[in-house]
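Asks: Input: one structure, supplied below.
The values are calculated or read from the model by the stated rules, or taken from the named source; none is laboratory data. Quick caveat: nothing in here was measured; it's all calculated off a predicted structure. Quick reminder, even Gly has a Cβ in these numbers, built from the backbone with ideal geometry, and neighbours come from all protein chains shown.
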Ligand SMILES: Nc1nc2c(ncn2[C@@H]2O[C@H](COP(=O)(O)OP(=O)(O)OP(=O)(O)O)[C@@H](O)[C@H]2O)c(=O)[nH]1
Ligand SMILES: [Mg+2]
């Protein structure tokens, strides 16, 4: 069963990508929006509240330093996480996202909110980011009632001809399409949800679905999928027979273990059609391998409960020597 989202909602956008997508989602969901970043340039969106994380004296702060600064203003963040539900949008491919988002998710959970998190994972070639993204993802999962993951790498792997800008546009629209569908009564799975998308504006819905399947296969074992949701953007122009065959194909491929398949249609301003496939899985995804220590259960890791961070301690005590 999908989860119902209680209102009032606060959308929280973390970092550059989080702020960009959250500001657009705010218009779709017509709700309060709070942007949090250690970069002032991310916070220039009208109609959104801002919170600047000041990592004093550092030009290129690490995630741990950003976390230290977040802890310094945690009371203020708690006060601003208003309402019953927090929808958190972040990028785990950047220091801002990995630094701020797991802490905000944890605070929201501790304050008894329903936490719905949308996260973007790095390209595989960003090798220095994979470990940190993997650890942060695990923390986000622990603090979220529902987690939606979109993987830059899976999109690029299947579409190596795309440039980075196109890739960003496609993943960001997929996130916004799913966020927008919430107002049409479409629900999300309680587990980990892997969001896959076709390239934009294909003329053929069936090849768009193939694109999304390719992305899915590079992220999860299809046998682990518990629930699947097909979003056809521009679907109001697709013949009903084609829609029927799309759902049947998903059912044939993923429905072996009684997997439920749902369909959501929405209109599109462009001529083509895009097909998104959201798969709800219980545990195992390719992201588990980003952190080699994942094989150790978290309750056996001594310092797992406290998130690692660097604190700058300012003291006016005189030196004794
Ligand atoms: N899908 C998608 N990925 C993005 C976007 N912007 C950045 N990324 C990914 O995030 C990585 C880091 O880019 P940044 O520009 O630092 O992203 P950011 O959201 O500002 O990250 P922080 O400032 O660290 O929160 C990129 O290499 C991409 O992997 C975007 O608009 N869409
Ligand atoms: Mg940034």
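Asks: Looking at region 81-116, which of its residues are part of a strand (DSSP E or B) and more than 14 Å from ligand 1 (Cβ to nearest atom)?
Replies: Matches in region 81-116: 85, 86, 87, 114, 115, 116.
A quick yes/no check of all residues on (1) modelled with pLDDT of 95 or more; (2) surrounded by fewer than 16 Cβ atoms within 10 Å (Cβ to Cβ); (3) within 13 Å of ligand 2 (Cβ to nearest atom); (4) not in a loop (DSSP other than H, G, I, E, B):
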site	(1), (2), (3), (4)
5	no, no, no, no
12	yes, no, no, yes
17	yes, no, yes, yes
35	yes, no, yes, yes
45	yes, no, no, no
51	yes, no, no, yes
60	no, yes, yes, no
68	no, no, no, yes
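Asks: Which residues, taken from region 114-132, are surrounded by fewer than 22 Cβ atoms within 10 Å (Cβ to Cβ) and either in contact with a strand residue (DSSP E or B) (Cβ under 8 Å, 6 or more places away or on another chain) or within 17 Å of residue 19 (Cα to Cα) (or both)?
Replies: Of everything in region 114-132, just one residue is surrounded by fewer than 22 Cβ atoms within 10 Å (Cβ to Cβ) and either in contact with a strand residue (DSSP E or B) (Cβ under 8 Å, 6 or more places away or on another chain) or within 17 Å of residue 19 (Cα to Cα) (or both), namely 114.
The rows are residues; the columns are (1) farther than 25 Å from residue 29 by Cβ; (2) surrounded by fewer than 19 Cβ atoms within 10 Å (Cβ to Cβ); (3) without any contact (Cβ under 8 Å) to a residue 40 or more places away in the chain.
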| position | (1), (2), (3) |
| --- | --- |
| 152 | no, no, no |
| 162 | yes, yes, yes |
| 197 | no, no, no |
| 225 | yes, no, no |
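Asks: Consider residue 244 against the criteria (1) touching a helix residue (DSSP H, G or I) at 6+ places or on another chain (Cβ under 7 Å); (2) more than 25 Å from residue 162 (Cβ to Cβ); (3) in a helix (DSSP H, G or I): it satisfies all of them except one. Which criterion is unmet?
Replies: Of everything listed in (1) touching a helix residue (DSSP H, G or I) at 6+ places or on another chain (Cβ under 7 Å); (2) more than 25 Å from residue 162 (Cβ to Cβ); (3) in a helix (DSSP H, G or I), residue 244 misses just condition (1).
Asks: Going through region 19-33 one residue at a time, which ones are part of a helix (DSSP H, G or I), free of Cβ contacts under 8 Å to residues at least 40 places away in the same chain and surrounded by 19 or more Cβ atoms within 10 Å (Cβ to Cβ)?
Replies: If the condition is that a residue be part of a helix (DSSP H, G or I), free of Cβ contacts under 8 Å to residues at least 40 places away in the same chain and surrounded by 19 or more Cβ atoms within 10 Å (Cβ to Cβ), then 19, 23, 26 are the ones that fit.
Asks: On the basis of being modelled with pLDDT of 90 or more, under 11 Å from the mean Cα position of the chain (by Cα) and at negative phi, does residue 216 make the cut?
Replies: no
Asks: Another question, if that's okay. May I ask you to verify whether residue 175 is at pLDDT 95 or above, more than 16 Å from ligand 2 (Cβ to nearest atom) and closer than 24 Å to residue 208 by Cβ?
Replies: yes
Asks: Which one is surrounded by the most Cβ atoms within 10 Å (Cβ to Cβ) among residues in region 247-259 that are free of Cβ contacts under 8 Å to residues at least 40 places away in the same chain, assigned to a helix (DSSP H, G or I) and under 27 Å from the mean Cα position of the chain (by Cα)?
Replies: 254
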